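To keep things clear, I will list the structure first and then write my remarks on it.
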Amino acid sequence: MPKYEIDLSNQKIAIIGLGYVGLPLAVAFSEKTKVIGFDVDENKINSYKNGIDVTQETGDEVIKNSTIEFTSDEKSLKNADYLIIAVPTPITIDKIPNFKYIESASEVVGRNMKKGSVIIYESTVYPGVTEEICVPILKKESNLKYGEDFKIGYSPERINPGDNEHRIDNTIKIVSGMDEESLDIIASLYETIVTPGVYKAESIKVAEAAKIVENAQRDINIAFMNELSIVFNKMDISTAEVLKAAGTKWNFINFTPGLVGGHCIGVDPYYFIYKAKELGYHSQLITAGRKINDGMSSYVVENIVKKLIQNDKNPKGADLLVLGITFKENCSDVRNSKIAEVILSLKEFGINITIVDSQASSEDVENEYRLELSNFYKNKKYDGIVIGVKHSDFEKISLSELKELSKGIPLLFDIKGIYNKQEAIDRGFVYWVL
């Protein structure tokens, strides 16, 4: 069967949702055809129009020179032939799926799409959401016939914020469609920007499930490492040294302990747990992994407070320096940051916290957590220093510099394992690592 070839010369692609997923996607497609970049956040749109990349994923220069039509006017979507929805799919405080963004985006698209449109969802959801929740909204808002006047597909995002190695253009893309025709069209569309090509999933539900599995697998493996870390800490054994020894076996999988935050790994498994429960099955392994990882912030706080007390430092009124507040290294995203959770808990003990982060936006930190970033952390000394995020610039800070910032017995809480334990101890630090 001959390969379907797409002609984008006289067509427009609209990206709905211009965050860490949507913006790089819009930039990639803008190199091939005309692109409408839509977001309801007018401040974000104005930033992009002024050449400012608020996500720091593509860079200001790229945004400044792009041909993307940035807009918050939904009527502009009427000109689009392909509409790609890339909005967040968070969870509620009760850990159940929150569909408000994807439902709202479906309403906007439904009101403005034209006959012949192809709508593609990239947001992470459990199997069935695209067809059972989103399609009815599109049908209702558009008054168009599903499968005849418009077609849909699903292609899960694989963006890794802060990762310059694994990008849209060099990472295989999973694609799916409601039928063979839509699958061919969607596959050809993404093949214009993805060099390694695409993987055609057998159905939309298979593609939705694949994304959940990708993140749940990492979550479970990290949970295993975190559990090992808790036990080895009680045994006074170095988890890093154990993993280094175990890693000499050819089939050992390389994972390390850590705080699991962000809007993917720390969220997506709950979509599977929710759907499984709806079907009458209690997910045991994935739920256990989530429970362990969700509890790691409290575990870190407990150990910090304990070490302060053991070294005759009263937590109430103690001064701590925390390096990093984003959810992961070399990334500006502070949403669902577990180190922020640690900071907020420490403050409840009356501990004074100075937060430094070269990647995070002061405005985002203030809006998300009511916390303040500091630019002048070197003008005082601290009872303890917490390495919360492994940003590249933090890795360059020497133990000597950290000791200069310490008062009394220097306490170093190396959550990310940047420093060598023995070297830190030899230099006089009381050292704790996750």
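The values are calculated or read from the model by the stated rules, or taken from the named source; none is laboratory data. Every value quoted in this text rests on a predicted model; they were computed, and no experiment measured them. Note that we place each Cβ from the backbone using ideal geometry, even for glycine, and neighbour counts take in every protein chain shown. Ligands, DNA and RNA are excluded from the accessible area calculation, which covers all protein heavy atoms including side chains. Shrake-Rupley method; radii C 1.70, N 1.55, O 1.52, S 1.80 Å.
Using Cα pairs closer than 8 Å and at least 6 residues apart in sequence, work out the relative contact order for the stretch 67-145, in percent. Write out the running numbers ahead of the final one.
Numbers: 94 pairs, mean separation 28.0, N = 79.
Relative contact order, the stretch 67-145: 35 percent.
For Asn98, the residues whose modelled amide H falls within less than 5 Å of its own, excluding neighbours fewer than 5 places apart on the same chain, are Ile91, Thr92. Rounded to the nearest 20, the size of the Cβ-charge dipole of the chain about its Cα centre is 880 debye, with Lys and Arg at +1 and Asp and Glu at -1. Taking the Cα centre of the stretch 328-397 as reference, the dipole from Cβ charges on Lys and Arg (+1) and Asp and Glu (-1) amounts to some 300 debye. Taking every DSSP beta bridge that has both residues in the chain, what percent is antiparallel when rounded to the nearest 5? Approximately 5 percent, going by the DSSP bridge assignments. Per-residue Karplus couplings for the stretch 399-410, computed as 6.51 cos²θ - 1.76 cosθ + 1.60 with θ equal to phi - 60°, are listed in order as 5, 4, 5, 5, 5, 5, 8, 9, 10, x, 5, x Hz, Gly and Pro entered as x.
Sorted largest first by accessible area at a 1.4 angstrom probe radius, with every protein chain in place, the residues His166, His391, His263, His282 fall in the order His282, His166, His263, His391.
For the set Phe252, Phe150, the ranking by accessible area, highest first and with no ligand, DNA or RNA atoms included, is Phe252, Phe150 under a 1.4 Å probe. Residues Met178, Met296, ordered by accessible area of protein heavy atoms at a 1.4 angstrom probe radius and largest first, appear as Met178, Met296.
Straight Cα distances below 18 angstrom link Lys407 to the aspartates and glutamates Asp312, Asp319, Asp383, Asp426, with same-chain residues fewer than 8 positions distant left out. Given their separation in residues at 0.36 nm each and the Cα-Cα distance between them, Glu404 and Lys115 gain 97.4 nm when the chain is fully extended. Phi-derived couplings, Karplus 6.51 cos²θ - 1.76 cosθ + 1.60 at θ = phi - 60°, listed residue by residue for the stretch 233-246: 4, 5, 8, 6, 10, 6, 4, 4, 5, 5, 5, 5, 5, 5 Hz, with x used for Gly and Pro.
If you take the charge dipole of the stretch 339-393 about its Cα centre, with +1 on Lys and Arg Cβ and -1 on Asp and Glu Cβ, which of Gly350, Ala360, Leu373 is farthest toward its positive end? Highest projection toward the positive end goes to Gly350.
Applying the Karplus relation 6.51 cos²θ - 1.76 cosθ + 1.60 with θ = phi - 60° to the stretch 204-214 yields 3J(HN,Hα) values of 5, 5, 5, 5, 4, 5, 4, 5, 4, 5, 3 Hz, where x marks Gly and Pro.
Report the far tail of the P(r) of the chain, meaning the percent of Cα-Cα pairs longer than 29 Å. Write out the running numbers ahead of the final one.
Working: 47871 of 93961 pairs.
I get 51 percent for the Cα pairs in the chain exceeding 29 Å.
With a ≥ b ≥ c the root eigenvalues of the C-alpha gyration tensor of the stretch 287-366, is it rounded (a/c under 1.5), prolate (a/b larger than b/c) or oblate?
It is oblate, given that a/c is not under 1.5 and a/b is not larger than b/c.
For the stretch 153-199, the fraction of C-alpha pairs farther apart than 17 angstrom is 31 percent. Loop-located trypsin sites (Lys or Arg not before Pro) across the stretch 177-256 with a Cβ neighbour count of 13 or fewer within 10 Å are Lys249, with loop assigned by DSSP. Rolling a 1.4 Å probe over the protein chains gives Glu241 an accessible area of about 120 Å².
Annotation: Leu434 carries an accessible surface of approximately 10 Å², with a 1.4 Å probe and no ligand, DNA or RNA atoms counted.
With a Förster radius of 35 Å, plug the Cβ-Cβ distance of Glu165 and Ala246 into 1/(1 + (r/R0)^6) and report the FRET value to the nearest 0.05. According to the calculation, E is roughly 0.85. Remark: the Ser374-Ile172 segment gains 68.7 nm on full extension, using 0.36 nm per residue and subtracting the alpha carbon distance.
Taking the stretch 12-47 and a reference point 7 angstrom along Cα→Cβ of Ser72, the backbone N atoms nearer than 13 Å belong to 18, 38-47. You can think of it this way: the chain between Lys140 and Glu363 has 76.5 nm of extra reach, that is 0.36 nm per residue less the Cα-Cα gap.
Annotation: peptides 91-97, 132-138, ranked by per-residue average of other Cβ atoms within 10 Å with the highest first, follow the order 132-138, 91-97.
By the rule of a C-alpha distance below 18 Å, with chain neighbours fewer than 8 residues away ignored, the aspartates and glutamates paired with Lys49 are Glu31, Asp39, Asp41, Glu57, Asp60, Glu61, Glu69, Asp73, Glu74. The heavy atoms of Arg335 present about 80 square angstrom of accessible area, all protein chains included, probe 1.4 Å. For a Förster distance of 51 Å, can you work out the FRET efficiency between the beta-carbons of Ser9 and Lys95, rounded to the nearest 0.05? So the FRET efficiency works out to roughly 0.65. All C-alpha pair distances within the stretch 334-434, sorted into 5 Å bins from zero, spread as 2, 12, 22, 26, 21, 12, 4, 1, 0 percent across the bins. With the helix formula -39500 (n - 2.57) applied to DSSP H stretches of n ≥ 4, the chain reaches a computed 222 nm mean residue ellipticity of -11500 deg cm²/dmol.
Amide H contacts of Asp333 (H built 1.01 Å from N, in plane; Pro and chain starts excluded): Phe327 sit under 5 Å, all sequence-distant by 5 or more or on other chains. Each 5 Å bin from zero holds the following percent of Cα-Cα pairs in the stretch 201-333: 2, 8, 14, 16, 17, 16, 12, 7, 4, 2, 1, 0, 0.
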